[in-house]
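This report concerns only the one structure given below.
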Amino acid sequence: MVLETGTTHIRDWRGYKGRPFLISGPCSAETEEQVMATAKELAQLKEVNLFRAGIWKPRTRPNSFEGIGIEGLKWLRNVKQETGLMVGTEVANEKHVYEALKYGVDMLWIGARTSVNPFTVQEISNALNGVDVMVLVKNPINPDLDLWIGAIERIARAGISRLGAIHRGFSTYEKTVYRNQPNWQLPIELRRRMPDLPILCDPSHIAGARRYLYEIAQKALDLNFDGLMIESHIDPDKALSDSAQQVTPNDLRELLSRLILRSPVPSDPKLLDILGELRQQIDIFDDYLLDILEKRMKVAETIGQYKKENNITILQSTRWDEIISKVMINGESKGLSRELIDTVFKAIHQESINHQMRVMNNGVMNLAVDKH
Ligand code: PEP
Ligand code: MN
C-alpha cells in the first residue's frame, strides 16, 4: 500500500535531528498561564519539537470539561511566538480546521473518536484540500487497521505531504492494566503496509497512568517508531482532563533521559554476522513449524473423513478442553506464556476445524463456523 500523494519522511520535518520527533504539552489548554508555563518549561528541553494542547475536547460523558475553544488558539499563537516551538491541536470537524489554520497552528491531529468516522474524516480532508500543514491521524478507538488506513488515505488525498499516524491504543471492555490496549501488531502491520508513513506513539493515552509511560515509550522506540507524543502539564494533579497520565515538564526530562535509542542496524559487522546466523536458525524453525502444521492438518482431515463416514459432529468440546489444559501445562514448563499458548492453539484448532469441515462438505467451506 503506497500513499497516493508523495509524503516526506518525518526525519525531514523541521526540528528533527536524528532523534524521535517529540510532541508534548497538556491534554487540554485550560488557562493562558497553564499553557504558557508548561510551554516555557518544555521549550527548555532540547528534545521537544512541538507543543500540543487540546482546544476542543471530545469527552466520553457530557458535563466534563469540553475544552476552552477558540480562545485557546490565541494562547497557542503566543506559545509559538514566545518559545519558537511549533504548535498543534486536535480537530474534529471542518470548522476546527478553519479556525486552527487562521491562528497559524502547525500541526492538526485527528483524534481516536474522529478517525472512526469516514464522513467526518472526509469533511476534514475537504477542509484541508491544498493546505500545507502537518496532519497526524490517531488510530480509531477500535482495533481496525483498515479504518485507520482509510482515514490516512482520505487525508493524503487532500494533498497533505507532512502526514503521519499516531498509535494511541485501543479500547476494550475488560479492565486491563493500561487504559488502552497497545495491540502493537497493528502499528507494526501499518508500517508494513505504508512503509514511508511516519508513525508516532502516544504512550499517555495507552498508559492512562504516569507510571507506565516509560515502558511504553521505550517499547515504541525499540519498535522503530518515528516519534512520541507525551502529555505534560505544569501541575498534572490539577489537570481538568487526563490528570493521572500527565507528567510535569521536569518528569518528562527525567523520563527522556532514561530512554535508550537503539539503532535498527548494528554498526559492527561481526554483530551482523552473528545476527545473520541466528536469523537463519529462526528461518529453519519456521519451516519446521509449517511442516508440523501441515502434518497436523492432514491428521485432522483424516479425522474429518472418519467423522463423515460415521455421522459424528466436528466439535467435541471435552476433547478441546483436554487439549488446551494439556498444552498449557506443557507449554508453561517450556517457558512459553499462557497468552501465546492460548492464541496459537486456538488458531490451530480453528484451522483444524476448517480442514475437517472441508472434508465433510466435500471441499466446500462451511462459513457458519465462527472464525475464532
Ligand atoms: C488527546 O490527545 O488528548 C486525545 C483526546 O486523544 P485520543 O483521541 O487519543 O483519545
Ligand atoms: Mn488527553
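Spin-label pair Asp283-Arg262: with each label point 7 Å from Cα along the Cα-Cβ axis, the two points sit 2.2 nm from one another.
With springs only between Cα atoms under 10 Å apart, run a GNM on the chain and tell me which of Leu261, Leu50, Leu42 wobbles the most. Of Leu261, Leu50, Leu42, the Gaussian network model singles out Leu261 as fluctuating most.
The order of the peptides 75-83, 239-247 by mean Cβ neighbours within 10 Å, most packed first, is 239-247, 75-83. Cα centroid separation, segment 153-195 to segment 73-113: 21 Å.
Please build a GNM for the chain, connecting alpha carbons under 10 Å apart, and tell me which residue among Thr38, Thr114, Thr302 fluctuates the most. Residue with maximal mean-square fluctuation among Thr38, Thr114, Thr302: Thr302. With the highest mean first, a sort of the peptides 172-185, 86-99, 330-343 on other beta-carbon atoms found within 10 angstrom per residue produces 86-99, 172-185, 330-343. Per-residue extension of 0.36 nm, minus the Cα-Cα distance of Glu33 and Gln316, leaves a gain of 95.3 nm for this segment. For the chain, a crude dipole built from +1 on the beta carbon of Lys and Arg and -1 on the beta carbon of Asp and Glu, taken about the Cα centre, is about 120 debye to the nearest 20. In order along segment 316-323, the Karplus-derived 3J(HN,Hα) couplings, from 6.51 cos²θ - 1.76 cosθ + 1.60 at θ = phi - 60°, round to 10, 5, 5, 5, 5, 4, 4, 4 Hz, and Gly and Pro are given as x. For segment 10-258, a Kirkwood hydrodynamic radius built from all Cα pairs, placed in the Stokes-Einstein relation at 20 °C and 1.002 mPa s, yields a translational diffusion coefficient of 121 µm²/s.
Under a Gaussian network description of the chain, with springs only between Cα atoms under 10 Å, the residue in Asn126, Asn362, Asn49 that fluctuates furthest is Asn362. Each helix, a run of at least 4 DSSP H residues, gives -39500 (n - 2.57); summed and divided by the residues of the chain, these come to -15000 deg cm²/dmol at 222 nm. Along segment 237-248 the Karplus relation, 6.51 cos²θ - 1.76 cosθ + 1.60 evaluated at θ = phi - 60°, assigns HN-Hα couplings of 5, 9, 4, 7, 9, 6, 4, 5, 9, 8, 10, 6 Hz to successive residues, with x for each Gly and Pro. The residues of the chain expose, per residue, 54 Å² of accessible area to a 1.4 Å probe.
One decimal place: the segment Glu294-Thr60 gains 79.5 nm when fully extended, by the rule 0.36 nm per residue minus the C-alpha distance. Residues in segment 185-199 carry Karplus couplings, in order, of 4, 5, x, 5, 5, 4, 4, 5, 6, 10, x, 8, 7, x, 10 Hz; the curve used is 6.51 cos²θ - 1.76 cosθ + 1.60 with θ = phi - 60°, and Gly or Pro positions show x.
The values are calculated or read from the model by the stated rules, or taken from the named source; none is laboratory data. Computed from a predicted structure; not experimentally measured. Counting neighbours? That spans all protein chains shown, and the Cβs are built from the backbone with ideal geometry, glycine included. SASA here: full protein model, heavy atoms, side chains in, ligands and nucleic acids out. Shrake-Rupley method; radii C 1.70, N 1.55, O 1.52, S 1.80 Å.
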